[in-house]
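Below: the structure, in structure tokens.
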Amino acid sequence: MEDYITYTDHLFRNLQDPRVLVNWRVRKQPVYRLLDNKQWLDNFFNDGEIVLSCFSKFRKYADEIRGDKEEGDAMIWFENDNGDTDAFKYESGMNSYILCTTLELTNEVIKDFNAVGAIKIHNSTYFGAEVMRAIPGCEHGIEGKCVYDDSRAYRGYSDKMKEILSSDNSLNHPSLRSELMNAACEHELFLKLKKYESQNEYRMFWIVDQPVDSNLLIKCPDAIRFCERIDF
């Protein structure tokens, strides 16, 4: 099945002349939402019905392929000029609804998820924006490709953090939390262990104003126009 090209367009003000708007286009790669029930495919393409999950559910799955008890956990560490390190363990994403997709349909990933079909999402950004409209209390969203590593600990790079950690009583520094967030850059939301690398996962997050501990069933028929049905 051949892909057709989709784009997202972003407008920015020209720094030399703020009255002028310039356009930047992003060429989008399709992603695939695997489903193990034909009825769920029917439900989406009939009226836009789709189920969003969350990290709390991921942590409870007994199936190792689908579940991960450490989803959302990470440790970021920084090294100063003397070679000393400071590490911060943290949790994130617990107030998010999540849709997991794959960037490539392979026999392995189809078998691992017992998939009978897929929603091929040609433009994940426009799709995500339509889904956002259907989620109560949604504040913002983020999407991106998962990163696979040997552990959930990773090195952070930040000159400002070096400065903060070199100061006296650094743990009470007023900018510590904000600079940690800037350095982490939401890496933990997309961090997975290498044993899951064959999934080639691409994730979409919708952040809401309260903790999430269960799935959400929504209807967003306006999202259908960015999608194509695939039956295996």
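Some observations on this one:
- Cα gyration tensor category, rounded, prolate or oblate, for region 68-123 with a/c compared to 1.5: prolate
- The candidates Trp24, Trp40, Trp77, Trp206, arranged from most to least accessible area with a 1.4 Å probe in the full protein assembly, appear as Trp24, Trp40, Trp77, Trp206.
- Area of Asp81 that stays accessible when all protein chains are in place (1.4 Å probe, Å², to 10): 140
- Percentage relative contact order, the chain, counting C-alpha pairs under 8 Å, at least six apart: 32
- Rounded if a/c under 1.5, otherwise prolate or oblate - region 48-205, Cα gyration tensor axes: prolate
- Bridging of Lys69 to lysines at a Cα separation below 24 Å is possible for Lys57, Lys60, Lys89, Lys111, Lys145, Lys192, Lys194, Lys195, once same-chain residues fewer than 8 apart are set aside.
- Across region 179-198, the residues whose backbone nitrogen lies under 11 Å from the label position 7 Å along the beta-carbon direction of Glu104 are 198.
- With each label modelled as a point 7 angstrom along the Cα→C-beta vector, the Gln29-Asn215 pair spans 2.8 nm.
- With K and R counted +1 and D and E -1, the other residues having a Cβ less than 11 Å from that of Tyr7 yield a net charge of +2.
- Two-site FRET efficiency, Val147 against Ser56, from Cβ-Cβ distance with R₀ of 25 Å, rounded to 0.05: 0.70
- Centroid-to-centroid separation of region 173-192 and region 195-232 [C-alpha atoms, Å]: 24
- Region 134-186: C-alpha gyration tensor shape, a/c 1.5 cut-off, then a/b vs b/c: oblate
- For region 184-223, applying the loop criterion from DSSP together with a ceiling of 16 other beta carbons within 10 Å to the GluC sites (Glu not before Pro) yields Glu186.
- Distance from region 109-132 to region 16-57 (C-alpha centre basis), Å: 7
The values are calculated or read from the model by the stated rules, or taken from the named source; none is laboratory data. If you're wondering where the values come from, they're calculated on a predicted model, not measured in any experiment. Reconstructed Cβ throughout: ideal geometry from the backbone, glycine too, with neighbour counts over all protein chains shown. Keep in mind that these areas ignore ligands, DNA and RNA; they rest on the heavy atoms of the full protein, side chains included. Shrake-Rupley method; radii C 1.70, N 1.55, O 1.52, S 1.80 Å.
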